[in-house]
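K.L.:
Got a structure for you, questions after.
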Amino acid sequence: MARLHTAFSIWLSRITAICVVAGGVALLVFGDKPTIHQLPNGQVVHNRVVVSYWENWTDFEGRAMMHVVNAFNMSQNRIYINTVQVSDLDIKALIAVAGHDPPDIVTLWSRDMGEYVANRALTPLDVLEKQGVVSRRTFVPYVWRLCKPFHHLYALGATPETCALYWNKNLFIKAGLNPDQPPQTIAQLDSMARRLTLFNSSGGIRQIGFLPTIPDWSGWEIMWGIYFGNHLFNRRTGGYQINTPQQRAAYRWYQSFTRRYGRANLEKFQGGFGPFNSPLNPFMSQRVAMEIQGPYFANFINQNAPDMKGRYGVAPFPTSFGRPGAAVFGDCDVWAIPRGARHVKAALTVLKFFIKQKNIEYLCDKQCKPSPLMKVSRAFIRRNPNPFIKLFEKVTKSPNVQLAPMDILWSRVYSELHSCVQHIWAGHSVGRSLARAQRVVDRWQVNLAMLNARQRGERP
């Protein structure tokens, strides 16, 4: 693809220049000391190609990945993987590519793929498909679609995530609801949520049935339209569908929570939550009865609230237009080789090892996630610590999974939508807010098309 986003490229060049200067100063001050690499058994590594691998998993998820890395390093004597945990990896890897000093392998989120591919920041992996290492039958459909956009293979699936509804069965019983019957529609979700919401003597919220801002993670707030039948990005036309009847319905529903409970009251309630990975998590501390979450959440429940085992359920998230699961918000961590990597051949060897069924299943098992592979062993299902792994395996293979758009403008569009949704949450008009965001994004797309035409020497 020849598209280059000018503003992004200028920003990236400036940041790269700063980093290069800083790196040069550090080299002059501290010198260039050789790094000594050791295997898990303490043996010093000699005469191996050192493949640098940047990844962003931490805690038990990071340990699971290191187990796979160590298995590779111990399995042969030609290549050594030097793993570095990197925060803000999506930005830092792009800077490294622009500075001509990228790692050999990176772990990326699916939302990063469009920008990386459009800016030619990844090395095509088509050779793996030609060699028969992978094919469209290797990965589940949405992961294959993610890894092979624009007819070229750019990544390999690692750990998929699809969202589902978690509900607390004990709280359902206390509210007089059937603990084994989750909501089947958005209307039922609202009705049950009201019955599950409790207030203290001063009118403050003590327990809430459901809130679309829990969890309050960046990126999730812009996806509610899919549960009302919207497709944010039209892959056929390449246009964004922001101001549609489905979107307006979704964000009128989203805004209804602040109208019903009061924005200040909700902020005070959410301000009392503990850290996500702790027993004070609002779902684990039984302050939230229903929550949208991914498969990994079972891992955090197992660690922080083991007494909840058997006392919560998981089901496909309901929609306004069809059965639960008619729309699914998905994501996936992927492995890729940045453009300009020094050891592409060795990196390909590493990736072949990573995607072996045994290694993928180990990694996904420890992260309580389903496998990205179409073929799954019975042992993986039987031993998986996620009690709802069968459900997530089924949802992961669904044709209804929607991802972040694979588009060069996505990071800018996301920022605009994030601001739009914040305005809606604050009480601004849903229709006017979405209409404004649509105009802004449409203008960006027109400007990009004109820029591309000029670069090709065409008259816009």
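The values are calculated or read from the model by the stated rules, or taken from the named source; none is laboratory data. This one's a predicted model, so the numbers in the text were calculated from it and none came from an experiment. For neighbour counting, all protein chains shown are included, and Cβ atoms are generated from backbone atoms with ideal geometry for every residue, glycine included.
K.L.:
Please tell me if PHE273 is at pLDDT 95 or above, assigned to a loop (DSSP other than H, G, I, E, B) and surrounded by 16 or more Cβ atoms within 10 Å (Cβ to Cβ).
P.N.:
no
K.L.:
Can you tell me which residue in segment 326-341 is nearest to TYR254 (Cα to Cα), limited to those that are under 19 Å from the mean Cα position of the chain (by Cα) and in a loop (DSSP other than H, G, I, E, B)?
P.N.:
Filtering first and then ranking leaves ALA327.
K.L.:
Considering only helices (runs of 4 or more DSSP H) fully contained in segment 64-134, which possess at least 3 residues that are assigned by TED's automatic domain parsing to the domain that holds TRP335 and closer than 20 Å to ASP331 by Cα?
P.N.:
89-98, 113-118
K.L.:
Going by what's in this entry, would ILE242 be described as modelled with pLDDT under 95, in contact with a helix residue (DSSP H, G or I) (Cβ under 6 Å, 6 or more places away or on another chain) and not assigned by TED's automatic domain parsing to the domain that holds ASP365?
P.N.:
no
K.L.:
Further question on the same structure: Among the residues of segment 423-460, which ones are in a helix (DSSP H, G or I), free of Cβ contacts under 8 Å to residues at least 12 places away in the same chain and more than 14 Å from GLN247 (Cα to Cα)?
P.N.:
HIS423, ARG439, ARG443, VAL446, ASN447, ALA449, MET450, ALA453, ARG454
K.L.:
Continuing with this model, one more query. What is the number of the single condition among (1) over 23 Å from the mean Cα position of the chain (by Cα); (2) crowded, with 20+ Cβ neighbours inside 10 Å that HIS100 does not meet?
P.N.:
Of (1) over 23 Å from the mean Cα position of the chain (by Cα); (2) crowded, with 20+ Cβ neighbours inside 10 Å, only one is false for HIS100: (2).
K.L.:
Would you confirm whether or not segment 292-300 contains a residue that is assigned to a loop (DSSP other than H, G, I, E, B), under 23 Å from the mean Cα position of the chain (by Cα), surrounded by 14 or more Cβ atoms within 10 Å (Cβ to Cβ) and not aromatic (Phe, Trp, Tyr)?
P.N.:
Yes: one or more hits.
K.L.:
Could you check how many residues of segment 342-398 are over 18 Å from the mean Cα position of the chain (by Cα) and assigned to a loop (DSSP other than H, G, I, E, B)?
P.N.:
13
K.L.:
Being aromatic (Phe, Trp, Tyr) and within 18 Å of LYS92 (Cα to Cα) is the filter; apply it to segment 103-155 and report the residue that is surrounded by the most Cβ atoms within 10 Å (Cβ to Cβ).
P.N.:
Ranking the candidates gives TYR116 first.
K.L.:
Quick check: anything in segment 436-447 over 30 Å from CYS332 (Cα atoms), at pLDDT 95 or above, buried (at least 18 other Cβ atoms within 10 Å of the Cβ) and among the aliphatic types (A, V, I, L, M)?
P.N.:
No.
K.L.:
Moving on to the next point. Among the listed residues VAL344, VAL328, identify the single one that is modelled with pLDDT of 95 or more, closer than 28 Å to VAL97 by Cβ and touching a Ser or Thr at 6+ places or on another chain (Cβ under 7 Å).
P.N.:
Unique residue meeting the criteria: VAL344.
K.L.:
Could you identify the single residue in LYS309, LYS369 that is buried (at least 20 other Cβ atoms within 10 Å of the Cβ) and charged (D, E, K, R)?
P.N.:
Of LYS309, LYS369, the one residue that is buried (at least 20 other Cβ atoms within 10 Å of the Cβ) and charged (D, E, K, R) is LYS369.
K.L.:
Mind checking which residues of segment 306-325 are part of a loop (DSSP other than H, G, I, E, B) and in contact with a Phe, Trp or Tyr (Cβ under 8 Å, 6 or more places away or on another chain)?
P.N.:
PHE317, PRO318, SER320, PHE321, PRO324, GLY325
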